[in-house]
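Read the structure below first, then the notes.
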Amino acid sequence: MICVFIPRRFTSGVFIFSDKKVVEGLTDESYMRKALELAQLADGWTSPNPMVGAVIVRDGKIVGEGYHQKAGTPHAEVHALRMAGKEAKGATLFVTLEPCCHHGRTPPCVDAILDAKVARVVAAMEDPNPQVAGRGLKRLRQNGVEVNTGVLENEARVLNEVFLKRMTASLPFVAVKSALTLDGKIATKTGSSRWITGQEARLKAHRLRHKYDGIVAGIGTILADNPQLTVRIPGENFKNPVRIVIDSSLKIPSDAQVLDQTLASTLIYTARPPAEKVEKLESQGVKVIKCPGPGGRVDLNEALKDMFQRGITSVLVEGGAGINGTLLDGKLIDKMYVFYAPKVVGSHLAPGMFAGSGVSDMKDAVLLDKTNIEIVGSDVLITGYPVYKEGAACSPDWWRN
């Protein structure tokens, strides 16, 4: 039997109950799944930190819960320990990531766990941060705390795929989002693309924007659609990502909506910019970065390195076939969100999702791994991770297990 009480959530991120939850017969996986659900509440808010949730259980009762809300604020374990109070003594702590053991913007969570005299810690996975990397768990064991790891590890790794890449590759996590007709077109032969998908899919796309640090578009998209590249979700709290425009020859018009810095900040990567236009854009608060590559075009690999140095750990690419194709050819895409609408436009002149060099033989096609299919209104969303051929200069398997 499971007794469920509806929680009242405060801005602290801690769940307060009118009574303690009595949960009989639940396994470590069940409590860890609850911790993962708590961690998910902070999606989009913790960058560059990971999302972490924690649950404290004593004698079959959940006595404490919490999640990390924002970089620089208390970690999930601290919220849960505060809620549990004296009942944390002798309890089990379930946490989605190894507790930290170093001084950063907050004190080490390991110290708080030991002070509370928690008897057992179950962590979904070790922290890939070199400052932690197993040392937090080791210190707990050395002080008599029973430690178990690996419970729902795959789910925990996917939850923090951005953080994992940041720690292992020093590059932004690159996700590509596109809306296609059933015949694989992102626009008609005349360039018309509004709207391919329905309202529900467009709302979900805005929620995706909130998840990422930056949103990338090519100059072709800016010229064709003049998008704001902001998040617009009625009645919900959200943040706007940095707008990032790839514009090799700085063709961006002065009335482009992405130049309005009252909505969000904007970076423009260019290869051969006219000096006078750079000066004008920067006087508006826009940052212009020269990043020349072959053929007088922006070197996207170097641009991604620069983004990472600026603290942008993840980007959502909403570009056209050109930028998508360049990223695919360069094996720079980590994840794809592809919305399919039940529409057909026809014509060999209508653009598809990818241009670029492509492959010559079907056996060389890029496969999507860990695919997920979701119905969104009248549309279908396919999510997956590109798997590049062995020996390719692709991202390491930082999220796979």
Subject >> Within the range 255-299, tally of residues that are charged (D, E, K, R) and either open to solvent by less than 50 Å² (accessible area, probe 1.4 Å) or under 30 Å from the mean Cα position of the chain (by Cα) (or both) >> reply: 6
Original post:
What number of residues within the range 281-315 satisfy the criterion of being within 18 Å of Asp213 (Cβ to Cβ) and small (Gly, Ala, Ser)?
Top reply: 3
**OP:** Check the range 147-156 and report whether any residue there is under 15 Å from the mean Cα position of the chain (by Cα) and open to solvent by less than 40 Å² (accessible area, probe 1.4 Å).
**Re:** yes
Subject >> Restricting the range 108-140 to residues that are open to solvent by 50 Å² or more (accessible area, probe 1.4 Å) and of a type in the set (Lys, Arg), the residue that is nearest to Ala35 (Cα to Cα) >> reply: Lys117
Original post:
Restricting the search to the range 365-379, which residues are in a strand (DSSP E or B) and either more than 25 Å from Lys331 (Cα to Cα) or polar (S, T, N, Q) (or both)?
Top reply: Thr371, Asn372, Glu374, Ile375, Val376, Asp379
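Here is a check on your reading of the model: is Arg82 under 29 Å from Lys204 (Cβ atoms), part of a helix (DSSP H, G or I) and open to solvent by 20 Å² or more (accessible area, probe 1.4 Å)?
It is false that Arg82 is under 29 Å from Lys204 (Cβ atoms), part of a helix (DSSP H, G or I) and open to solvent by 20 Å² or more (accessible area, probe 1.4 Å).
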Original post:
Do any residues in the range 23-37 that are acidic (Asp, Glu) have Cβ atoms under 9 Å from those of residues that are in a helix (DSSP H, G or I) and at pLDDT below 95, where the two are at least six apart or on different chains, and which pairs are they?
Top reply: none
Subject >> Contacts under 6 angstrom Cβ, first residue in the range 345-362 being open to solvent by less than 60 Å² (accessible area, probe 1.4 Å), partner β-branched (Val, Ile, Thr), 6 or more apart >> reply: Ala350/Thr188; Pro351/Ile186; Met353/Ile186; Gly356/Thr326
**OP:** Output the number of the condition that Gly90 fails; it satisfies all remaining conditions of (1) at negative phi; (2) at pLDDT 95 or above; (3) open to solvent by 10 Å² or more (accessible area, probe 1.4 Å); (4) not charged (D, E, K, R).
**Re:** (1)
**OP:** Would you be able to tell me the number of residues in the range 222-235 that are under 13 Å from Ser193 (Cβ atoms) and part of a loop (DSSP other than H, G, I, E, B)?
**Re:** 2
Original post:
Taking the stated definitions as given, is Ala54 modelled with pLDDT of 95 or more, open to solvent by less than 30 Å² (accessible area, probe 1.4 Å) and in contact with a His (Cβ under 9 Å, 6 or more places away or on another chain)?
Top reply: yes
Original post:
From Ile244, Ile252, which residue is in contact (Cβ under 8 Å) with a residue 12 or more places away in the chain, within 30 Å of Tyr388 (Cβ to Cβ) and open to solvent by less than 20 Å² (accessible area, probe 1.4 Å)?
Top reply: Ile244
Original post:
(1) modelled with pLDDT under 90; (2) over 18 Å from the mean Cα position of the chain (by Cα); (3) surrounded by 20 or more Cβ atoms within 10 Å (Cβ to Cβ): which one isn't true of Trp399, the others all being true?
Top reply: (2)
**OP:** Provide a single number: the residues in the range 302-344 that are part of a helix (DSSP H, G or I), within 12 Å of Pro172 (Cα to Cα) and open to solvent by 60 Å² or more (accessible area, probe 1.4 Å).
**Re:** 3
Subject >> Number of positions in the range 169-203 that are among the basic types (Lys, Arg) and crowded, with 21+ Cβ neighbours inside 10 Å >> reply: 2
**OP:** Would you be able to say whether some residue in the range 212-225 is within 21 Å of the chain's Cα centre (by Cα), surrounded by fewer than 21 Cβ atoms within 10 Å (Cβ to Cβ) and closer than 22 Å to Phe354 by Cβ?
**Re:** no
Original post:
From the set of residues in the range 236-254 that are charged (D, E, K, R) and part of a loop (DSSP other than H, G, I, E, B), which is nearest to Met307 (Cα to Cα)?
Top reply: Asp247
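The values are calculated or read from the model by the stated rules, or taken from the named source; none is laboratory data. Note that the coordinates shown come from a computational prediction; the quantities given were computed from them, not determined experimentally. Cβ sites come from the backbone with ideal geometry, for glycine too, and all protein chains shown count toward neighbours. Each accessible area value is taken on the protein alone, full model and side chains, heavy atoms only, with ligands, DNA and RNA left out. Shrake-Rupley method; radii C 1.70, N 1.55, O 1.52, S 1.80 Å.
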